[in-house]
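Only the coordinates and a few stated rules stand behind these numbers; no lab work does. None of these values were measured; they are calculated from a predicted model. Don't worry about glycine lacking a Cβ; one is built from the backbone with ideal geometry, like all the others, and counts go over all protein chains shown.
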Amino acid sequence: MQQIYESIARDYLEDAKHKFRGYKNLAEKALEQVADEEFFVENATDANSVAIVIKHIAGNQRSRWRNFLTEDGEKPDRDRDTEFEINEDDRESLMRSWESGWALLFETLEELSPADLGRTVTIRGEDHTVLQAMNRQLMHYAFHIGQIVILAKIFRGADWKSLTVPKSGSKEFNKEMFRKFGDR
């Protein structure tokens, strides 16, 4: 039974790394389509710009993944409210923070072992298993990366380059997938 657990845990860790990388890549492909002048645009009252979403994800990552197994995920030096303000920030500095946050996340994931998934960590004092904390972050980043994608798509309009299966392209996509992987 222990071998089965370890195998599943190992598979989960690899899949989680793959999913986190996939979300990062999805966001970056959308960001390639956002012009510098659009990066800071807030489309509605109290809406987040792409820049703010980037800043928030990076701040969250620094807090959650630094000393992940030994300290609460909401670090005392985090000022979450300032993640929703643009002061001296520019696109370049925000993208450096973005890369730094993701690097910390991936470094932390590489250090985790299958046995760590059942350990307890806290976020704002609330207990989570490592597995639960990872899922929480996967969902959180997916939500915000979806915001980035939608904003980029709005900015590009008819010039949007699809990041997934394009509209009216399902049949062709499925045909290619079956050609690639076969009919199992």
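So here's what we get for this one:
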| item | result |
| --- | --- |
| Karplus-derived 3J(HN,Hα), 6.51/-1.76/1.60, for each residue of region 28-42, Hz, glycine and proline x | 5, 5, 5, 4, 4, 9, 9, 6, 4, 5, 8, 4, 9, 6, 9 |
| Most positive-pole-ward Cα, 54, 170, 73, against dipole of region 2-181 from beta carbon charges | 170 |
| Protection proxy ranking of 69-78, 146-155, 84-93 - average other beta-carbon atoms within 10 Å, highest first | 146-155, 69-78, 84-93 |
| Local electrostatic count at residue 8 - Lys and Arg +1, Asp and Glu -1, tallied over other residues with Cβ under 13 Å | -3 |
| Burial ordering of 56, 140, fewest other beta-carbon atoms within 10 Å first | 140, 56 |
| For residue 123, residues with placed amide H under 5 Å, excluding near neighbours | 73, 128 |
| Integer Hz, Karplus 6.51/-1.76/1.60 couplings in order for region 76-93, x for Gly and Pro | x, 8, 7, 10, 3, 4, 6, 5, 9, 10, 10, 10, 8, 5, 10, 4, 4, 5 |
| ³J(HN,Hα) computed for each position of region 54-71 - Karplus, 6.51 cos²θ - 1.76 cosθ + 1.60, integer Hz, glycine/proline x | 4, 4, 5, 4, 4, x, 4, 5, 4, 6, 6, 9, 6, 6, 3, 7, 10, 10 |
| Region 92-165 and region 7-59: distance between their alpha carbon centers, rounded to Å | 7 |
| Listed residues 12, 23, 141, most fluctuating in the chain (Gaussian network, C-alpha, under 10 Å) | 12 |
| Residue exposure sequence - 164, 129 - by fewest surrounding Cβ within 10 Å | 164, 129 |
| Residues whose placed amide H lies under 5 Å from that of residue 49, excluding near-sequence neighbours | none |
| Residue (of 4, 20, 95) at the positive-pole extreme of the chain, dipole from beta-carbon charges | 4 |
| Paramagnetic reach from residue 5 (point 7 Å along Cα→Cβ, amide N under 20 Å) across region 100-115 | 112-115 |
| Size of electric dipole in region 2-181: Cβ of Lys, Arg +1 and of Asp, Glu -1, about Cα centre, debye, nearest 20 | 1020 |
